[in-house]
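Here the structure comes first, spelled out in structure tokens, and everything after it is commentary.
The values are calculated or read from the model by the stated rules, or taken from the named source; none is laboratory data. In this text the structure is predicted, and so the values were computed from the model without any measurement. Here the Cβ is made from the backbone with ideal geometry for all residues, glycine too, and neighbour counts use every protein chain on show.
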Ligand SMILES: [Cu+2]
């Protein structure tokens, strides 16, 4: 057994020890809920210096009776409360209890029941209530308590619980004061019928020519090829790293290094999804608020899927269990939460008859967030590349339309009586690259431009690459630029290797999208990270989430926008790179009733990290 890493997640017994301390101090009395119970990470400086650090738990508690939030740190080993403080003016992420409260309250609300009756719905057991994070759209939202906006669906025959939206009906609910503030009914739209929903799941008819018998997928036995997984430590070929499933961020990788034969060289201290937001483009009363921040307002851990080898991932996958806490601070097991497996990587390189085949190592997990299922995949390559892909699947949020309607420019009809509203998905990744050490690192931007025609460029075909150091945080707020092929590297300027050049890793963006929501709009204020595709910050232990610690019902202005306003210096520093990845989803009929996987991502590619192609020999 390799020694545990200080960033390894809390174990079941550490969660129990934390719960025991909370109980002993009376902190869970009166229906107080545990909204987050996570590792309190030791300071990075201590970890890098190899200093002994205490195992601590960071707990967010919510007292519904008084609508107060507090943060508690527990020393797990010593079983003592380290600190406790009330955080004023914030609301922690929504949990299942909030949704259940909202469902109970609207079910008892006369205006809500009357609106259902206008649609011929009289049995509350036929209705599924879905609680959306409320956002903050005006002074009246800011003044009230813990809010959700409730929408409803008529129960469907299968798992597609959102197939039959009860359109136009929204309730604003204060789940702390336990009252329905307002019920809006925009008017009756027919609820899509159950037959249409069942119909949607029909497979295509048999093809006109017979299909071949199923392929017997060959699998590589784990004993022959594959990673060594020891607790949270993964070792595969030259790559060394740790992997964990954390309650808020989901999959987190840490301590990533590359073994060059003499030592393990540092590449990245920690890689995580820091925030997500999914703004819908329909400005109507039933839709404008649908901008859920799936990391900070919900959390990826509780929705993590139990993966099945041979189905969700290849049969040779090693599946790792994870553990998080429930809202009483008890242990909640997440079986088979992470898959680690090797797969064929295509061609590594070829020249004439000399060829190398590539292998790659995949780390994969899937989280269900409401209707969507998101897969997160990190891939390690023999050539030093680290790639990330996000896989979008599951069920789109549907909107009921009159069956004769073909939807409009805000939505696309996907089935009779059902449209899917145009929307965007944004992901912000926190990439704490430490290239050959945490310091000295800096961020370098490169652009390629055509050379001016002239005597030195007589035929006009010349183009050249220019580089500049992004010296401070404000200068490092950058957008993508197709015209100049803009790229960013985190570089250690210390001369290295036979060339005596700096070593670096480059962020290579894939497809991306600009936000359509107006600058200054509530969603843009709250998701300030949408203001740039690339950000860089001077490392701070406390800066972890791009939209701040508490995005739920926030007025905005927190996170990357606030931190980088300080314009800290980035040269010779420990820098963190943040990447905002956007997808514009204009739904198609083929995305219904369940979406074929759509993927997007980015790569981190070594530039001068190696002297030459690292995939030689073997
Ligand atoms: Cu989508």
Hits in the range 417-474 (condition: within 16 Å of the ligand (Cβ to nearest atom) and in contact with a helix residue (DSSP H, G or I) (Cβ under 7 Å, 6 or more places away or on another chain)): 420, 426
Can you pull out every residue in the range 571-595 that is within 13 Å of the ligand (Cβ to nearest atom) and under 19 Å from residue 517 (Cα atoms)? 582, 583, 584, 585, 586, 587
Within the range 560-573, how many residues turn out to be under 19 Å from residue 44 (Cβ atoms) and touching a helix residue (DSSP H, G or I) at 6+ places or on another chain (Cβ under 6 Å)? 1
Every pair of residues 6+ apart whose Cβ atoms lie under 6 Å, when the first sits in the range 401-428 and is modelled with pLDDT under 90 while the second is within 15 Å of the ligand (Cβ to nearest atom): 407/419; 415/592
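Taking the residues in the range 596-607 that are surrounded by fewer than 18 Cβ atoms within 10 Å (Cβ to Cβ) and within 16 Å of the ligand (Cβ to nearest atom) as candidates, determine which candidate is farthest from the chain's Cα centre (by Cα).
Among those residues, the one meeting the criterion is 596.
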Index of the failed condition, residue 610 passing every other in (1) within 16 Å of the ligand (Cβ to nearest atom); (2) touching a residue at least 24 places away in the same chain (Cβ under 8 Å): (1)
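Take residue 572 and tell me if it is modelled with pLDDT under 95, farther than 15 Å from residue 431 by Cα and surrounded by fewer than 20 Cβ atoms within 10 Å (Cβ to Cβ). Don't jump to the end; show me each part of the working.
Numbers: modelled with pLDDT under 95: yes; farther than 15 Å from residue 431 by Cα: yes; surrounded by fewer than 20 Cβ atoms within 10 Å (Cβ to Cβ): yes.
When the stated conditions are applied, residue 572 passes them.
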All positions within the range 42-64 that are in contact (Cβ under 8 Å) with a residue 24 or more places away in the chain and within 22 Å of residue 90 (Cα to Cα): 57, 59, 60, 61, 62, 63, 64
Those strands (runs of 3 or more DSSP E) completely within the range 318-416 that have 2 or more residues that are more than 16 Å from the ligand (Cβ to nearest atom), over 24 Å from the mean Cα position of the chain (by Cα) and under 25 Å from residue 268 (Cα atoms) are 331-351, 354-369
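Just to be sure before I move on: is residue 552 within 16 Å of the ligand (Cβ to nearest atom) and modelled with pLDDT of 95 or more in the structure I sent? Show your work before the answer.
Working: within 16 Å of the ligand (Cβ to nearest atom): no; modelled with pLDDT of 95 or more: yes.
Answer is no for this residue.
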Would you call residue 431 within 27 Å of the chain's Cα centre (by Cα) and surrounded by fewer than 20 Cβ atoms within 10 Å (Cβ to Cβ)? no
Filter the range 274-317 for residues that are in a strand (DSSP E or B) and within 16 Å of the ligand (Cβ to nearest atom); the one that is surrounded by the fewest Cβ atoms within 10 Å (Cβ to Cβ) is 279
How many of the residues in the range 11-34 are surrounded by 14 or more Cβ atoms within 10 Å (Cβ to Cβ) and either in contact with a helix residue (DSSP H, G or I) (Cβ under 7 Å, 6 or more places away or on another chain) or at pLDDT below 95 (or both)? 2
Only one of (1) surrounded by fewer than 20 Cβ atoms within 10 Å (Cβ to Cβ); (2) closer than 30 Å to residue 202 by Cα fails for residue 541. Which number is that? (2)
Give me the pairs: first residue in the range 578-607 and closer than 30 Å to residue 198 by Cα, second residue away from the ligand (no atom under 13 Å from the Cβ) and assigned to a loop (DSSP other than H, G, I, E, B), beta-carbon distance under 7 Å, and six or more apart or on different chains, which are they? 593/160; 593/163; 593/201
